[in-house]
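Below is one structure, written out as structure tokens; the observations come after it.
The values are calculated or read from the model by the stated rules, or taken from the named source; none is laboratory data. It should be emphasised that the depicted structure is a prediction, and the values quoted were computed from it without experimental measurement. Cβ placement follows ideal geometry from the backbone for every residue including glycine, while neighbour counts extend to all protein chains displayed. All accessible areas refer to the heavy atoms of the entire protein, side chains included, with ligands and DNA or RNA removed. Shrake-Rupley method; radii C 1.70, N 1.55, O 1.52, S 1.80 Å.
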Amino acid sequence: MMMWWMKKVVVLVIMMADVVASQSPQHSWQQDAGGGVGAVLEAVSQPTCSLILLTTSPSTIFKEESVVRGSPWGVGVFEVVVDGQDANETLVLLSHLLHQARQSQVRMGSRCVRVVVVSHDPVFLDTFAEWSLKGRLLVWATKLLVVTSLPLPQLHALLSSHWTFSMMNTILLNLDDTPPNLRYSVYTHLPYSPDGAQVLRVAVWTPRHGLRLLTALPLFPEKFSNFHGAEVNVTGKPWPPYWVEEQQEAADGSLVTIYTGCDYLSLETISHTLNFTINIIPTASWGEAVKKVEERVAFITAVFHVPLPERKKKHDFTRIYEYNQMSFTLAKPGLKPSLDSLFYPLTGEVWAWVLVVLLFMPAIYYMVSRGREKQCGRLRVAAEVLEVMGILVGQNLPQQLPPITSGRLLVVAWLVFALIIGTVYRGNLTAALTLPKYPPRPETVEQLVDTVHKVTMPPFGELWRQFFAGSDSEVYKKLARMMMIGPSTREGLQMAIEQNTANMAARRYLSNMIVEHFTEADGTTRLYLARETLFPGQSAWPIPHDAPYQSQLDRCLIAIIEAGLYEKWSDDTVSQTRRRSQRRQREYLAQQLQQGQQVVDETAESDKSIIALTVTHMQGPLVFILLGLFLAGVVFAVEVSMTYNK
């Protein structure tokens, strides 16, 4: 059995070092600590665990049978010699060591990892804490055991001053007594407890009695299931309906900021569940808000962000909880003056058949009228044509019916045809004028890049521009070239109305902005949201790399989403925005009414659903009558001229 364990041991050495046991005092306490390390690893061992051992000198800890037995998937040993080396050189070596440890086969090939750091040098431990954070060696599932021999005050300072030791899943095995009263104590740092942040002694190990727990806590306690009312730094900026900030007057007359929105309400619910107080850090921009998270000054930026590749290089994200629909908005295309408004009621094919019938009808009517001429002695070709046209436009009826039956049947058929065509034309003409056909508007990304010349986004849109520019699609590359970064969303929407540009942002945010700032009291707006989504990206909250509290946040977010609370809060926020906008519009109209402004009367008329036709609607008939008057004038002048010449 022992042979099988030894086959799983992998030894990786960064620098040339003698692995034979030395007789130095440092080696002696490491050898004594082997039993304590083995006891701790056996207490937390799992069937798929591996061990990474980092040390500043040749170590014999991994030779302990209990250590190997507690690491069934292998042991990796990484050693760096710091004696007699420059500090900068030590940092380079340690950085390289941590990179090798993170990419090692032992770590990548196992489901759980235990890391043991053996050193009595506080400078090395400080450096390890800093570079293990930069090198992303640890996640919460990785259990870190630091083996050292430090005075108690120095040990407390070490555990409290570094994120790696205070926040991560870390315990410290410290030599308290030397032989013959050899004793190692196990310490951990609890950042949140009923008594505040504290260093707690949770266990003790002696060769005679083995490992003995001193508290009800496990060796590696959960640190973030309960924050015990502590303040948690959070960043966020107004981004309705996700994060809304409003200034309200308190009872003492001071202004108080009230926060709402579906993301803030989610954060508030999580704070109640995990028992912490939200402390919002003021920030000037989105870049600064996320920068605070990268620096671990803030725990969360509690407003949704799309996990773009460039962002993942700087920070992590919580579980995906929202599918952001990146969309665009443009101004609604208006009616353009058109001369063919008279032809809208009928299609081209119908007009063609009407013209054909109109050309044949006078000739047929003429043939019938010839029989009438023999009996009545009259034949006037022009009069027959005018009679046919008069029946068609509903302005005349035949003064005398043909004497033969076929002629009368022809007149009846023409009357029925004229009645149907005239009724249909007048009905459709009325509908076409009051409900005109608007020009087609862009609804897809292909139509967008072919229609507008510029797409605006706020400053954070630079990451989106780079993302689209790196796409394999020529359409998205063209979109990236059209993007203008800088204007705020409200400015971009105003530009869309005035300059025929487009503005791009999250669909819910755009909808909320249009409702709040670009909707009239009667509910109309000059902007519209495209039907197609530019990029259906997954969204989450930015958190620091390898944040140890991520699992707790994810658990709460899943419960909120599954309960349907997030969608409800989003709908409620938009509804409140709509009511607030309508109230503001009514107050504005009331103020205008007091000032006797005519705009109020016009708005009141719009409430009655009376649509006044403009020159845009009636341009066709107006041009037609003007053309008729011009032709009539020309013909009149010719007739007068011919009369005088006679």
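Based on the Cβ-Cβ distance from GLU639 to GLN395, what FRET efficiency comes out when R0 is 25 Å, to the nearest 0.05? Could you put the intermediate results ahead of the total?
Details: r = 22 Å, r/R0 = 0.89.
Here the calculated transfer efficiency is 0.65.
With every protein chain kept in the model, how would you rank TYR344, TYR644, TYR365, TYR476 by accessible area, 1.4 Å probe, largest at the top?
The residues order as TYR644, TYR344, TYR476, TYR365, largest area first.
If the limit is 32 Å between Cα atoms, which of LYS143/LYS237; LYS143/LYS313; LYS332/LYS477 go over it?
As for pairs spanning more than 32 Å Cα to Cα, those are LYS143/LYS237.
What's the FRET efficiency of ALA216 with VAL44 using the Cβ-Cβ distance as r and R₀ = 25 Å, to the nearest 0.05?
Efficiency for this residue pair is about 0.95.
What ³J(HN,Hα) values, in whole Hz, does the Karplus curve 6.51 cos²θ - 1.76 cosθ + 1.60 give for the stretch 511-522 when θ = phi - 60°, with x put for Gly and Pro?
With the stated coefficients, the stretch 511-522 comes to 4, 5, 5, 5, 5, 7, 10, 10, 10, 7, 5, 8 Hz.
Over the stretch 252-332, what percent of the accessible surface lies on carbon and sulfur atoms, probe 1.4 Å?
Answer for the stretch 252-332 is 50 percent, counting heavy atoms of protein chains only.
How large is the accessible surface per residue of the stretch 113-246, computed with a 1.4 Å probe and reported in Å² as a whole number?
39
Based on C-alpha coordinates, I'd like the Rg and Dmax of the stretch 255-299, in Å.
When restricted to Cα atoms, the stretch 255-299 yields Rg and Dmax of 11.8, 31 Å.
Length gain on complete extension for the stretch ARG578 to ASN279, per 0.36 nm per residue less the alpha carbon to alpha carbon distance? All intermediate terms of the calculation are to be shown ahead of the outcome.
Working: separation 299, 0.36 × 299 = 107.64 nm, distance 2.92 nm.
Extra length available between ARG578 and ASN279 comes to 104.7 nm.
Per the Cauchy relation, a quarter of the hull surface: what is the mean projected area of the convex hull of the alpha carbons in the stretch 279-335, in nm²?
6.2
How many times 2.2 N^0.38 Å is the alpha carbon radius of gyration of the stretch 216-285?
Cα-based Rg divided by the globular estimate yields 1.40.
Considering the convex hull of the alpha carbon atoms of the stretch 257-362, report its projected area averaged over all viewing directions, in nm², one decimal.
Approximately 14.5 nm², given one-decimal rounding.
Would you mind classifying the stretch 411-552 by shape? Square roots of the alpha carbon gyration tensor eigenvalues, ordered a ≥ b ≥ c; an a/c under 1.5 is rounded, otherwise it is prolate if a/b is larger than b/c and oblate if not.
prolate
Can you run the Rg to Rh ratio on the stretch 134-202? Use alpha carbon positions and the Kirkwood inverse-distance Rh.
Rg/Rh for the stretch 134-202 comes to 1.00.
Taking the alpha carbon gyration tensor of the stretch 505-579, what are the square roots of 5 times its eigenvalues, largest first, to the nearest whole Å? Don't skip to the end; give the middle numbers.
Working: eigenvalues 197, 49, 23 Å².
Working through the eigenvalues yields semi-axes of 31, 16, 11 Å.
For SER185, SER254, give me the order by solvent-accessible area with a 1.4 Å probe, most accessible first, ignoring ligands, DNA and RNA.
Largest to smallest exposure gives the sequence SER254, SER185.
Tell me, what does the Kirkwood hydrodynamic radius of the stretch 164-256 come to in angstroms if you use every pair of distinct C-alpha atoms?
Details: mean 1/r = 0.0588 Å⁻¹.
Taking the inverse mean of 1/r over all distinct Cα pairs, the stretch 164-256 comes out at 17.0 Å.
Compute the separation of the alpha-carbon centres of the stretch 473-529 and the stretch 129-187 and state it in Å as a whole number.
Centre-to-centre (Cα) distance: 53 Å.
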